[in-house]
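Below is one structure, written out as structure tokens, with a few remarks after it.
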Amino acid sequence: MFDGLKEKLGRFREDVEEEAEATESTEPEDATEPEAETAEAEAAEPTVESDPSAEPADRATPDAEPEPAGSGEPVEPENAVEDDEAGTEVADTADERSSGSGFMHRAKSLATGQIVIDPEVIEGPLDDLEFALLESDVEFTVAQEIVANLRDELENATRGMTQTVEERVDEALREALLEVISVGQFDFDERIAAAEKPVTVIFTGVNGVGKTTSIAKLSRYLEERGYSTVIANGDTYRAGANEQVREHADRLGTKLISHEQGGDPAAVIYDAVEYAEAHGVDVVLGDTAGRLHTNEGLMDQLEKINRVVGPDMTLFTDEAVAGQDAVQRAKKFNDAAEIDGAILTKADADANGGAAISIAYVTGKPILFLGTGQGYDDLEPFDPDWLVDQLLGE
Ligand SMILES: Nc1nc2c(ncn2[C@@H]2O[C@H](COP(=O)(O)OP(=O)(O)OP(=O)(O)O)[C@@H](O)[C@H]2O)c(=O)[nH]1
């Protein structure tokens with residue numbers, strides 16, 4: 001799942017590491033060893049720290065005597081060397097010997113116990129990453145946001161002496177991805193548990209993406225958690241839709257409410273809600289027609305269902321493999337009949353991951369489930385942290 005995107009994120013990590021190594025290896029021989037973890041770096045640290053005026057504020061001993069007036073206030077770690085006379089000398093001398101900014105950062109790092117990632121190091125890899133994200137079907141504004149978040153996270157970012165560049169980049173990638181993926185995230189199970197019964201959930205989305213299968217999967221999911229369900233076939237437009245849903249309902253042992261083809265979908269779902277109220281059923285799962293979103297009739301129909309039934313939740317369903325198309329459809333459906341969340345099917349067959357990353361940011365509504373196969377149990381609650389773990393190979 002999402003292997004292509006995983007590989008591209010891994011490449012970004014490697015690119016930054018390589019660039020960082022190349023920058024550091026251009027430093028003069030007598031400059032302090034670039035590797036933070038090396039014994040030399042650690043050994044060099046106390047030499048600078050032995051100058052008390054160069055000690056960063058957060059390292060000062062809590063019970064240390066206050067400095068006499070005029071000897072200078074404790075300084076922030078970032079400026080510790082530059083603001084200090086002795087430190088400035090170190091940096092100036094270094095500057096004379098090295099034309100790159102790497103040594104300046106290194107000199108600073110000795111005083112602060114942290115290493116700075118040179119902003120120049122990340123520009124090339126960030127450009128390549130933006131291109132790679134677009135190639136993976138990540139929506140344009142989402143790719144830009146991820147890159148902007150990463151730039152914020154990494155430009156002038158400091159890492160501790162014991163943290164590798166890879167670890168720092170991982171941390172930044174995690175933050176940047178989570179920021180777009182977890183937009184609006186809520187716990188579906190908690191929402192169902194808290195809602196007054198019967199809870200009515202309507203499914204929107206175009207034909208053939210796995211909407212009906214997802215309704216069947218969600219019926220199984222809810223029944224396993226102790227809720228009774230009834231399915232309403234609001235797709236009265238497509239020939240054969242009743243038979244298709246009936247097959248699922250029969251296999252699952254779930255009650256189905258349907259009308260003749262050509263009937264009013266709002267009336268079918270309304271009947272199902274009445275049935276649920278009369279029989280103490282917890283959740284009504286209402287399918288809708290999936291003609292193309294350009295069809296005004298479909299949007300009018302969804303609007304009527306909203307008006308007549310007043311669903312508790314509207315879930316947009318689309319397939320992960322549709323990439324950018326799925327993202328654009330999510331946006332259009334949300335504009336026409338506001339959604340509460342999305343189900344992304346066929347994630348098992350998607351290498352790109354663009355839709356999984358983009359839908360929440362573009363619509364402001366979270367992905368709630370991933371379809372991961374054709375079986376009724378192949379439905380996974382969506383967890384942004386889990387997705388980021390997958391993408392970063394953890
Ligand atoms: N691999 C995989 N296949 C899926 C998944 N979800 C659904 N499918 C398959 O996708 C095909 C279409 O699913 P349907 O549920 O019929 O699609 P639909 O959106 O309801 O289509 P209409 O009934 O035409 O509106 C079926 O063969 C499903 O088995 C999934 O998560 N993974």
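The values are calculated or read from the model by the stated rules, or taken from the named source; none is laboratory data. Bear in mind the structure is a predicted one, so any value in this text is a computation, not a measurement. No Cβ is skipped: glycine too gets one built from the backbone with ideal geometry, and neighbour counts run over all protein chains shown. What goes into the accessible areas is simple: the full protein's heavy atoms, side chains included, and nothing from ligands, DNA or RNA. Shrake-Rupley method; radii C 1.70, N 1.55, O 1.52, S 1.80 Å.
Before moving on, here are some points about what is shown:
- Counting only protein heavy atoms and using a 1.4 Å probe, the accessible area of Arg238 comes to about 80 Å².
- According to the Cα-based calculation, Rg over Rh for segment 119-229 is 1.16, with Rh computed by the Kirkwood formula.
- Legend: residues His259, His279, His248, sorted from most to least accessible area (1.4 Å probe; ligands, DNA and RNA excluded), read His279, His259, His248.
- Per residue, the average separation of C-alpha pairs within less than 8 Å and at least 6 apart gives segment 188-381 a relative contact order of 26 percent.
- Proximal lysines relative to Lys8, as straight alpha-carbon distance under 27 Å, when same-chain residues fewer than 8 apart are discounted: Lys331, Lys346, Lys365
- Of the residues Met1, Met299, Met313, the one with the largest accessible area comes first in the ranking Met1, Met299, Met313, computed with a 1.4 Å probe on protein heavy atoms.
- For segment 188-381, with +1 on Lys and Arg beta carbons and -1 on Asp and Glu, the positive-most of Gly371, Ala320, Ala278 along the dipole: Ala320
- Extending 7 Å from the Cα toward the beta-carbon at both Glu247 and Asp385 defines two label points whose distance is 4.0 nm.
- Accessible carbon and sulfur surface of segment 188-381 relative to its total accessible area, %, 1.4 Å: 42
- All C-alpha to C-alpha distances of segment 161-208, sorted into 10 Å bins beginning at zero, yield P(r) values of 18, 24, 25, 18, 11, 3 percent in whole numbers.
- Sorted peptide list for 315-326, 334-345, 10-21, criterion being average Cβ within 10 angstrom, highest first: 315-326, 334-345, 10-21
- Peptides 196-209, 172-185, 357-370 ordered by average Cβ neighbours within 10 Å, highest first: 357-370, 196-209, 172-185
- Electrostatic tally near Ile359: other residues with Cβ closer than 13 Å to its Cβ, Lys and Arg +1, Asp and Glu -1, net -3.
- Equivalent ellipsoid semi-axes - Cα gyration tensor, segment 188-381, angstrom: 23, 19, 16
- Between Asp348 and Glu277, the FRET efficiency from the beta-carbon distance, with R0 = 35 Å, is close to 0.40.
- Among beta bridges from DSSP that stay inside segment 188-381, the antiparallel ones total about 10%.
- For segment 218-282, a crude dipole built from +1 on the beta carbon of Lys and Arg and -1 on the beta carbon of Asp and Glu, taken about the Cα centre, is about 220 debye to the nearest 20.
- Classification of segment 219-261 by its C-alpha gyration tensor yields a prolate form. The axis ratio a/c (a ≥ b ≥ c) is 1.5 or more, and a/b outweighs b/c.
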